[in-house]
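Could you have a look at this structure, given as structure tokens, before my questions?
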Amino acid sequence: MAETLTIRRLVDRIISGEIRIPAFQREWVWTPQQVSFLLDSIHKGFPVGMVFLWKTNTKLESEKDLGNYTIPEPRKEHPVYYVLDGQQRLTSLFSVFQTELASSDNYEWLDIYYDFEASDGIQDSKFVSLAKADVVSNRHFPMAVVFDAGRFYEEVNKLDPTKRDQILKVQQMFQEYSLPVQEFETDSRESIAIVFERINRAGTPLNTYQLLTAWSWSADFDLQEEFSELAEELKLYGFGNLAQDKDLQLKCSSGIIRGETSPAIIISLTGEEVRGNFNQIRNGIKGAIEFLRDQLKVHSLEWLPYPSMLISLSAFFATSRESGQPYTDKQRKELIRWFWKSNFSRRYNAGVQDKHKLDIAAMRELAKNEDVVLSNFDVRLEESFFLDTPFNVGSVNTKTFVLMLANRSPRSFISGANVRLGDVLKSVNRNEFHHIFPKKHLERQGVDKKKINCLVNFCFLNNADNQKIKDKDPNVYKSLLPSQSVDNILSSAICPSSSLDMNFDQFLNERARLLVSVANDLSQ
């Protein structure tokens, strides 16, 4: 059952260090105008919402300031109370009424004043935020002195009797006003994560990353900074955006430390575990990315069909050795086979946590024994994989198809030049992929749009070459290709050697069969 606390009591408990702000809370974002509106609601007797506090005997190592104020260390031993909900209101009221702590001025702030001349209408506010230069004597009364008896009566004595009576009633209202406060007592991190998520479900969802950052923090270790530094290193490999994917970072960490990636496992990680294993985490992620780039032509996180595959692969490369995890040719081939079979079978489409648990365990065994088989699951690849999938750079099938082509050292059709894969595959766009049978050419023949845009009709083709081809029949633009290299160019695009002499339906069927054959070879 909720209790109530006066504003004065809440301010005192913050100054005593008893009520604190955990590091996983969002920043204070309310403007002085919003704070004025809060005071007006209190003045009118409107409910302003409940404050939710987490009572615990475990003080977090990482905490936030309360707006512009650093909360003092607790004056007494545990427990302490962390704000789970109501931070914006609590920070606002504290910033208005406290008189003991010095301000850090990290946030823009204007003092709040009661405006004697403002309208008394239900929709109008009697409170305004003002810079000192805009304050009008005898019109604006500073709310900062309401709980400071000496300063309050010093200001009151400057007023005429009518205004004096008015502001005394205002003071009484704020001295008597109580906020509902609900306390939740636990030292269970998982419980707090669930409570925090449910409290904030209508607004900002649970930020597990911030929770773990708070719990793993120490004077010489900050999880967020560690991952930011790693992301800077990975920019060279095209994976710098890993810094934005907090969920992927956490799951890589949990997979390497505990072998599982469920939310319950992640939230149960201890700071000591994260700090003690971070070198392995860093080496695991870095080694996995180097392998993806060098062995599989994956030049960015966006082109990895299932980013969650990075989690399993990181487990193989996780090591405390600065030189990284070495691998034999047999291990290399097994990792490559697992990669292709996982993508062709859409292994990570569902039941991802269970797949991670199985694959991480197998990866660890493979790292110790090159005879371990990772990909002991079946793949039944049909021609429909390529014929029924439209080219869409956001889809798993398209990314898998593009990586198949990338691993054949593709050459652009007209120039015959090798495709600069590092440049093309660092950004996800379709500017370097075009129809083999031009779109307009097929539209003139009344070919169905779905057939025109299926994967089978695409290849690496830069814009310059595409402009030369335009809407020409392949039989016509064939003459633009270097005659001595036609077979090699088509082979590098996984196209039958006679592709440009076929009609469109024949080409679709022949190339689909060839793509399936190559895919099956990759999976063997």
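Quick one: which residue in Gln25, Gln34 is in a helix (DSSP H, G or I), under 31 Å from the mean Cα position of the chain (by Cα), in the same structural domain as Val170 (by TED's automatic domain parsing) and not hydrophobic (A, V, I, L, M, F, W, C)?
Numbers: Gln25 fails: in a helix (DSSP H, G or I).
Exactly one of Gln25, Gln34 is in a helix (DSSP H, G or I), under 31 Å from the mean Cα position of the chain (by Cα), in the same structural domain as Val170 (by TED's automatic domain parsing) and not hydrophobic (A, V, I, L, M, F, W, C), namely Gln34.
If you go through the range 287-309 one residue at a time, do you hit one that is surrounded by fewer than 17 Cβ atoms within 10 Å (Cβ to Cβ), within 16 Å of the chain's Cα centre (by Cα) and of a type in the set (Asp, Glu)?
No - not one qualifying residue is present in the range 287-309.
Name the residue, out of Glu100, Glu73, Glu61, that is assigned to a loop (DSSP other than H, G, I, E, B), within 23 Å of Glu154 (Cβ to Cβ) and charged (D, E, K, R).
Numbers: Glu73 fails: within 23 Å of Glu154 (Cβ to Cβ); Glu61 fails: within 23 Å of Glu154 (Cβ to Cβ).
Answer to the selection: Glu100.
For the range 448-464, state whether one or more residues are in contact with a helix residue (DSSP H, G or I) (Cβ under 8 Å, 6 or more places away or on another chain), exposed (fewer than 13 other Cβ atoms within 10 Å of the Cβ), outside the structural domain of Leu242 (by TED's automatic domain parsing) and part of a loop (DSSP other than H, G, I, E, B).
No, that holds for no residue.
Would you be able to tell me the number of residues in the range 118-146 that are in contact (Cβ under 8 Å) with a residue 40 or more places away in the chain and in a loop (DSSP other than H, G, I, E, B)?
Final tally of qualifying residues: 4.
Still on this model: Filter the range 246-278 for residues that are closer than 22 Å to Met309 by Cβ and part of a loop (DSSP other than H, G, I, E, B) and give the result.
Hits for the range 246-278 are Gly259, Glu260, Thr261, Ser262, Leu269.
Here are some residues: Asp12, Asp40. Which one is touching a Lys or Arg at 6+ places or on another chain (Cβ under 7 Å) and either buried (at least 18 other Cβ atoms within 10 Å of the Cβ) or in the same structural domain as Glu108 (by TED's automatic domain parsing) (or both)?
Working: Asp12 fails: touching a Lys or Arg at 6+ places or on another chain (Cβ under 7 Å).
On inspection, the qualifying residue turns out to be Asp40.
Is it the case that Glu18 is free of Cβ contacts under 8 Å to residues at least 40 places away in the same chain and in the same structural domain as Glu183 (by TED's automatic domain parsing)?
Working: free of Cβ contacts under 8 Å to residues at least 40 places away in the same chain: no; in the same structural domain as Glu183 (by TED's automatic domain parsing): yes.
Here the answer is no, as Glu18 does not meet what is asked.
Still on this model: Of everything in the range 362-380, what is crowded, with 18+ Cβ neighbours inside 10 Å and modelled with pLDDT of 95 or more? Give them in sequence order.
Of everything in the range 362-380, those that are crowded, with 18+ Cβ neighbours inside 10 Å and modelled with pLDDT of 95 or more turn out to be Ala362, Met363, Leu366, Ala367.
Return the residue satisfying two criteria in turn: it lies in the range 381-403 and is assigned to a loop (DSSP other than H, G, I, E, B) and touching a residue at least 24 places away in the same chain (Cβ under 8 Å), and of such residues it is surrounded by the fewest Cβ atoms within 10 Å (Cβ to Cβ).
Filtering the range 381-403 for residues assigned to a loop (DSSP other than H, G, I, E, B) gives 381-383, 388-389, 391-395.
With the extra rule that they be touching a residue at least 24 places away in the same chain (Cβ under 8 Å), the set shrinks to 381-383, 388-389, 391, 393-394.
Numbers: Leu381: 18, Glu382: 10, Glu383: 16, Asp388: 15, Thr389: 18, Phe391: 20, Val393: 14, Gly394: 8.
Filtering the range 381-403 for residues that are assigned to a loop (DSSP other than H, G, I, E, B) and touching a residue at least 24 places away in the same chain (Cβ under 8 Å), the one surrounded by the fewest Cβ atoms within 10 Å (Cβ to Cβ) comes out as Gly394.
Would you mind finding the one in Ala417, Ala519 that is surrounded by 18 or more Cβ atoms within 10 Å (Cβ to Cβ) and among the small types (Gly, Ala, Ser)? Write out each step before concluding.
Values: Ala417 fails: surrounded by 18 or more Cβ atoms within 10 Å (Cβ to Cβ).
After applying the criteria, what remains is Ala519.
Turning to a different aspect of this structure: Can you name the residue in the range 97-122 that is closer than 19 Å to Tyr177 by Cβ, surrounded by fewer than 18 Cβ atoms within 10 Å (Cβ to Cβ) and not acidic (Asp, Glu) and is also nearest to the chain's Cα centre (by Cα) among such residues?
Result: Thr99.
Going by what's in this entry, would Ile265 be described as touching a helix residue (DSSP H, G or I) at 6+ places or on another chain (Cβ under 8 Å) and without any contact (Cβ under 8 Å) to a residue 12 or more places away in the chain?
Numbers: touching a helix residue (DSSP H, G or I) at 6+ places or on another chain (Cβ under 8 Å): yes; without any contact (Cβ under 8 Å) to a residue 12 or more places away in the chain: yes.
Here the answer is yes, as Ile265 does meet what is asked.
Out of curiosity, is Tyr348 under 32 Å from the mean Cα position of the chain (by Cα), of a type in the set (Ser, Thr, Tyr), crowded, with 20+ Cβ neighbours inside 10 Å and at pLDDT 90 or above? Let's see the steps before the verdict.
Numbers: under 32 Å from the mean Cα position of the chain (by Cα): yes; of a type in the set (Ser, Thr, Tyr): yes; crowded, with 20+ Cβ neighbours inside 10 Å: yes; at pLDDT 90 or above: yes.
Judged against the criteria, Tyr348 is a match.
The values are calculated or read from the model by the stated rules, or taken from the named source; none is laboratory data. Treat the numbers as computed from the prediction; the structure is a model and nothing was measured. Positions of Cβ are generated from backbone atoms using ideal geometry, with glycine treated the same way; all protein chains shown enter the neighbour counts.
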